[in-house]
Ligand code: SF4
Ligand code: SF4
Ligand code: SF4
Ligand code: SF4
């Protein structure tokens with residue numbers, strides 16, 4: 001696997017060269033917060049921010065995405081026929097995505113790209129994207145990625161892993177897509193054995209800096225129904241205000257709602273992020289709501305992430321330990337605590 | 001604060017032991033720095049987890065809606081005013097409640113505290129009026145009064161307006177020279193400036209509805225934004241739809257909003273949504289001589305008629 005060395009004073013120029021062939025996304029400051037957004041012509045990604053409030057999932061799964069369009073104009077031969085929206089899937093690159101977020105995109109792929117169904121919107125965006133990750137040298141107190149099968153230097157889901165070495169970056173090329181991006185940016189100086197050793201040291205230090213341990217080892221063996229019927233859910237849920245914050249900031253939450261909007265003769269079909277925290281999410285046309293109570297919705301979020309997903313795909317939990325929901329939840333519902341409680345739960349016989 | 005915590009726990013334990021209430025709603029310590037968790041103690045043992053500090057930013061009246069038990073509830077000034085609203089609007093009965101009033105010294109804004117240190121805050125402790133915040137690299141002491149949340153710095157009802165027990169002594173109520181300076185500044189803008197101001201204000205809103213859900217006033221079984229038949233508002237990230245949500249929600253709070261700041265405390269994107277409700281607070285005061293949540297015998301101005309209404313269009 002090739003590792004390339006990039007001087008920081010050549011970084012911007014390289015990105016500018018790459019912009020001619022790729023649309024770039026990266027962390028930028030929007031008011032007081034950092035978010036991933038398409039970079040404007042002269043805009044540089046902020047490579048110092050440890051984590052953005054929202055995850056970069058929007059780069060392949062926008063909060064509002066146009067899926068299809070139709071005309072209602074009966075003089076047109078294709079009137080009232082939904083046709084796929086004309087979306088630009090030319091090459092793009094997400095710069096500075098953190099390893100846990102790339103791992104999350106890998107997990108989401110399990111859902112959008114299955115043997116039986118391929119979500120064309122998500123998959124086409126994913127295929128068009130090169131993920132140029134940035135290792136986390138100093139993890140925040142909210143980061144528990146090492147417990148969730150990821151970590152500050154995790155390579156899963158990435159095409160390139162950058163490591164900030166102070167005066168420059170080391171770029172570990174992980175896939176042909178990553179190789180093509182680096183070549184396009186004109187980065188090609190090979191790293192030395194000394195560089196590689198320093199990189200290993202940084203990796204160890206970063207992993208050790210994560211002090212939160214979350215236990216997940218029993219989750220697979222636990223009975224789904226026992227966990228579902230466990231008595232602790234009411235207490236977990238009491239403080240929850242059922243906002244969608246935790247699911248909107250989460251890199252692995254993928255649920256969506258489909259809406260049609262018509263203006264004049266033009267109809268558009270959109271999908272919007274949705275949230276299992278909202279009562280409307282499961283409201284049936286009949287008026288029945290299988291998750292009408294707050295506790296049922298809170299339980300759903302944790303059970304989906306930490307049990308159903310694990311049982312279904314056998315690829316770990318649907319939480320990568322980024323800690324965003326812990327940080328943003330207005331009432332401090334902490335998935336680390338809930339996970340430990342679930343993992344330790346023994347039903348009373 | 002230490003004496004507050006002691007008294008809150010003693011009162012709550014007694015209430016639960018004597019069976020006067022079934023549960024006590026208050027705050028317990030959070031799992032991360034500068035966080036508290038709204039918490040319901042069912043046993044005297046659990047009541048020992050109740051706490052109080054400068055981070056009790058949510059409004060506990062939000063947890064009362066339509067509950068059936070006998071409830072002890074911890075209430076600072078604004079919580080108590082929202083409890084009054086809840087009683088007036090038949091969301092809870094006065095007889096069901098035992099209110100433990102807490103004279104409030106203001107809550108701090110954690111995001112502002114974070115700007116005081118370069119690295120992430122990993123601990124925050126308080127003694128008296130002083131907070132000690134620390135990152136892995138540095139530690140500083142600050143005065144609570146200097147870093148209050150915006151709504152707390154504008155609050156003139158720090159003492160609970162309704163209570164059964166009061167924790168400690170009442171605090172002095174601040175007198176403000178110009179309480180609506182912020183609203184006046186927006187009113188003075190011309191149409192274009194206002195347009196841009198509100199555009200910028202809502203830039204970044206992700207429609208998670210944390211503001212709405214944290215608000216004790218927003219208890220409708222189906223919010224107008226969630227209604228699908230008829231559908232009043234588009235659901236996507238369209239500017240007009242986002243604005244519609246915020247404008248309409250604010251109007252629904254007219255004459256009811258207590259400026260408790262729970263909406264802003266809950267917002268993950270730091271949107272200053274009180275810019276809307278504060279205009280309505282000012283209007284309520286100027287047009288109707290009304291402050292929300294002060295008296296359980298009075299109905300809010302928008303659902304009542306008075307022959308001595310100070311406004312002359314009605315006469
Ligand atoms: S962010 Fe917290 S309060 Fe909001 S829905 Fe999620 S768990 Fe509940
Ligand atoms: S559940 Fe929370 S910690 Fe886990 S991936 Fe989602 S936001 Fe991150
Ligand atoms: S203002 Fe904040 S809390 Fe309210 S919907 Fe927008 S992002 Fe969510
Ligand atoms: S609108 Fe905001 S400030 Fe007003 S009562 Fe609701 S949460 Fe409190």
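A single entry from A:281, A:270 fulfils the requirement of being part of a helix (DSSP H, G or I), surrounded by 15 or more Cβ atoms within 10 Å (Cβ to Cβ) and away from ligand 2 (no atom under 16 Å from the Cβ): A:281.
Please give the number of the condition residue A:302 fails out of (1) in a loop (DSSP other than H, G, I, E, B); (2) crowded, with 19+ Cβ neighbours inside 10 Å. Among (1) in a loop (DSSP other than H, G, I, E, B); (2) crowded, with 19+ Cβ neighbours inside 10 Å, the lone unmet condition for residue A:302 is (1).
Inclusion of residue A:168 among residues that are at negative phi, touching a strand residue (DSSP E or B) at 6+ places or on another chain (Cβ under 8 Å) and crowded, with 24+ Cβ neighbours inside 10 Å is not warranted. The residues of region A:273-286 that are more than 16 Å from ligand 1 (Cβ to nearest atom) and within 11 Å of another protein chain (Cβ to nearest Cβ), listed by number, are A:283, A:285. The single residue among A:265, A:218 that is away from ligand 2 (no atom under 16 Å from the Cβ), more than 10 Å from chain B (Cβ to nearest Cβ) and in contact with a strand residue (DSSP E or B) (Cβ under 7 Å, 6 or more places away or on another chain) turns out to be A:265.
Of everything listed in (1) on the phi > 0 side of the Ramachandran plot; (2) in contact (Cβ under 8 Å) with a residue 40 or more places away in the chain, the single unmet condition for residue B:19 is (2). If you scan region B:211-225, which residues turn out to be buried (at least 19 other Cβ atoms within 10 Å of the Cβ) and more than 8 Å from ligand 4 (Cβ to nearest atom)? Matches in region B:211-225: B:212, B:213, B:223, B:225. Scanning for something over 15 Å from residue A:306 (Cβ atoms), away from ligand 1 (no atom under 16 Å from the Cβ) and modelled with pLDDT under 95, does region A:220-238 turn up at least one residue? Scanning region A:220-238, I find no residue that is over 15 Å from residue A:306 (Cβ atoms), away from ligand 1 (no atom under 16 Å from the Cβ) and modelled with pLDDT under 95, so the answer is no. Residues of region A:328-349 that are part of a helix (DSSP H, G or I) and either more than 7 Å from chain B (Cβ to nearest Cβ) or surrounded by 22 or more Cβ atoms within 10 Å (Cβ to Cβ) (or both): A:328, A:335, A:336, A:338, A:339, A:340, A:341, A:342, A:343, A:344.
Look at (1) in contact with a strand residue (DSSP E or B) (Cβ under 9 Å, 6 or more places away or on another chain); (2) buried (at least 21 other Cβ atoms within 10 Å of the Cβ); (3) facing another protein chain (nearest Cβ under 9 Å) and you find that residue A:253 fails only one, number (3). When we screen A:28, A:50 for residues that are within 21 Å of residue A:138 (Cα to Cα), assigned to a strand (DSSP E or B) and either within 14 Å of another protein chain (Cβ to nearest Cβ) or without any contact (Cβ under 8 Å) to a residue 12 or more places away in the chain (or both), the only hit is A:28.
Residue by residue through region A:238-254, note down the ones that are more than 10 Å from ligand 3 (Cβ to nearest atom) and part of a helix (DSSP H, G or I). Once the filter is applied, which keeps residues that are more than 10 Å from ligand 3 (Cβ to nearest atom) and part of a helix (DSSP H, G or I), region A:238-254 yields A:246, A:247, A:249. Within region B:199-210, being more than 16 Å from ligand 1 (Cβ to nearest atom), surrounded by 18 or more Cβ atoms within 10 Å (Cβ to Cβ) and modelled with pLDDT of 95 or more holds for B:201, B:202. Within the bounds of region A:103-112, is there any residue that is part of a helix (DSSP H, G or I), in contact with a helix residue (DSSP H, G or I) (Cβ under 6 Å, 6 or more places away or on another chain) and modelled with pLDDT of 95 or more? Yes, that holds for at least one residue. For residue B:157, state whether it is away from ligand 3 (no atom under 16 Å from the Cβ) and more than 27 Å from residue A:53 (Cα to Cα). For residue B:157, the condition - away from ligand 3 (no atom under 16 Å from the Cβ) and more than 27 Å from residue A:53 (Cα to Cα) - is met. For residue A:223, the conditions (1) farther than 30 Å from residue B:234 by Cα; (2) in contact with a helix residue (DSSP H, G or I) (Cβ under 7 Å, 6 or more places away or on another chain); (3) surrounded by fewer than 18 Cβ atoms within 10 Å (Cβ to Cβ); (4) more than 14 Å from chain B (Cβ to nearest Cβ) are fulfilled apart from (2). Taking (1) outside any loop (DSSP other than H, G, I, E, B); (2) away from ligand 1 (no atom under 16 Å from the Cβ); (3) within 14 Å of another protein chain (Cβ to nearest Cβ) in turn, residue B:213 satisfies each apart from (2). Within region B:214-254, the set of residues being within 11 Å of ligand 3 (Cβ to nearest atom), more than 28 Å from residue B:288 (Cβ to Cβ) and touching a helix residue (DSSP H, G or I) at 6+ places or on another chain (Cβ under 7 Å) comprises just one member, B:242. With the condition kept exactly as written, say whether any residue in region A:303-314 is within 14 Å of ligand 1 (Cβ to nearest atom), under 19 Å from the mean Cα position of the chain (by Cα), within 14 Å of chain B (Cβ to nearest Cβ) and on the phi < 0 side of the Ramachandran plot. No, the conditions are met nowhere in region A:303-314. Filtering region B:235-262 to residues that are at the interface with another protein chain (Cβ under 10 Å from one of its Cβ atoms) and under 22 Å from residue B:152 (Cβ atoms) leaves only B:262.
The values are calculated or read from the model by the stated rules, or taken from the named source; none is laboratory data. Note that this is a predicted model, so its numbers are computed, not measured. All Cβ positions, even for glycine, are placed from backbone atoms using ideal geometry, and neighbour counts span all protein chains on display.
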